[in-house]
1. Please determine whether any residue of segment 119-140 is touching a helix residue (DSSP H, G or I) at 6+ places or on another chain (Cβ under 9 Å) and without any contact (Cβ under 8 Å) to a residue 24 or more places away in the chain.
2. Out of (1) at pLDDT below 95; (2) over 19 Å from residue 79 (Cβ atoms), the odd one out for residue 204 is which?
3. For residue 206, all conditions in the list (1) farther than 20 Å from residue 106 by Cα; (2) not in a loop (DSSP other than H, G, I, E, B) hold save one; what is the number of the exception?
4. Do you know which of the residues in segment 170-194 that are surrounded by fewer than 17 Cβ atoms within 10 Å (Cβ to Cβ) and in contact with a strand residue (DSSP E or B) (Cβ under 6 Å, 6 or more places away or on another chain) is farthest from residue 111 (Cα to Cα)?
5. Just to be sure, is residue 40 at pLDDT below 95 and touching a helix residue (DSSP H, G or I) at 6+ places or on another chain (Cβ under 6 Å)?
6. Out of segment 103-131, which residues are in contact with a strand residue (DSSP E or B) (Cβ under 9 Å, 6 or more places away or on another chain), loosely packed, with under 13 Cβ neighbours inside 10 Å and more than 30 Å from residue 65 (Cα to Cα)?
7. Tell me, which residue of segment 48-64 that is assigned to a loop (DSSP other than H, G, I, E, B) and in contact with a helix residue (DSSP H, G or I) (Cβ under 8 Å, 6 or more places away or on another chain) is farthest from residue 190 (Cα to Cα)?
8. Among what's in segment 152-166 and is touching a strand residue (DSSP E or B) at 6+ places or on another chain (Cβ under 7 Å) and part of a loop (DSSP other than H, G, I, E, B), pick the residue that is farthest from residue 130 (Cα to Cα).
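The values are calculated or read from the model by the stated rules, or taken from the named source; none is laboratory data. All values reported here derive from a predicted model rather than from experimental measurement. All Cβ positions, glycine included, derive from the backbone under ideal geometry; neighbour counts span all protein chains shown.
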């Protein structure tokens with residue numbers, strides 16, 4: 001029974017602001033939750049063995065949904081406090097097609113490029129290079145283990161941002177690796193599934209020793 005009033009509001013806002021009502025509503029929802037972002041609690045990260053990490057994540061129908069916006073904020077807080085470079089919704093118990101890419105230099109990845117954390121809803125890989133390369137990866141859901149994982153060096157991706165706008169981007173090297181790693185979580189995979197040999201696995205301690213050796217050389 002609310003169809004006509006909503007349609008009228010939409011038409012009015014379209015004329016006045018030249019922007020669909022649903023996009024304005026999404027922006028309003030984000031602004032109303034943004035003030036509480038710092039208070040969003042850090043979420044527990046699910047560990048390998050939990051069945052949710054092996055499920056196919058479901059698409060998100062409404063990006064403006066308040067629960068989705070709050071989920072993004074909670075993921076951003078969890079990622080920041082965990083000092084990670086990426087996180088997918090299934091890792092905190094939500095089997096939804098949502099991931100965050102947040103490359104930045106840190107102790108584990110000292111040469112990572114700096115970027116603004118970016119939430120990607122219903123992401124897709126449109127195309128990828130033929131070239132692949134191995135690189136070290138770890139995972140908040142697979143603690144204390146690192147692996148050399150082959151990934152496409154360059155990918156083109158599409159996703160919806162938290163404001164409801166569709167985006168297309170080309171990602172390369174480490175940022176492309178983060179995306180592919182997190183995208184795997186949406187398909188019920190972890191990086192261990194991509195490792196070509198058990199010889200490409202090392203403990204966290206041995207990984208840091210390798211980093212120290214590479215600094216010296």
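1. Yes, because at least one residue in segment 119-140 is touching a helix residue (DSSP H, G or I) at 6+ places or on another chain (Cβ under 9 Å) and without any contact (Cβ under 8 Å) to a residue 24 or more places away in the chain.
2. Every listed condition holds for residue 204 apart from (2).
3. Single failed check for residue 206: (1).
4. 170
5. Details: at pLDDT below 95: yes; touching a helix residue (DSSP H, G or I) at 6+ places or on another chain (Cβ under 6 Å): yes.
Spelling it out, residue 40 is indeed at pLDDT below 95 and touching a helix residue (DSSP H, G or I) at 6+ places or on another chain (Cβ under 6 Å).
6. 130, 131
7. Applying the first criterion (assigned to a loop (DSSP other than H, G, I, E, B)) to segment 48-64 yields 48-50, 55-57, 59-64.
Add one more test, that the residue is in contact with a helix residue (DSSP H, G or I) (Cβ under 8 Å, 6 or more places away or on another chain), and what stays is 48, 55-57, 60, 62-64.
On the way: 48: 8, 55: 11, 56: 12, 57: 13, 60: 21, 62: 27, 63: 26, 64: 29 Å.
Selected residue: 64.
8. Within segment 152-166, the first condition is being touching a strand residue (DSSP E or B) at 6+ places or on another chain (Cβ under 7 Å), and the residues that meet it are 152-162, 166.
Next, from what is left, pick out any that are part of a loop (DSSP other than H, G, I, E, B): 153, 161-162.
Values: 153: 8, 161: 27, 162: 31 Å.
Looking at the filtered set, the residue picked out is 162.
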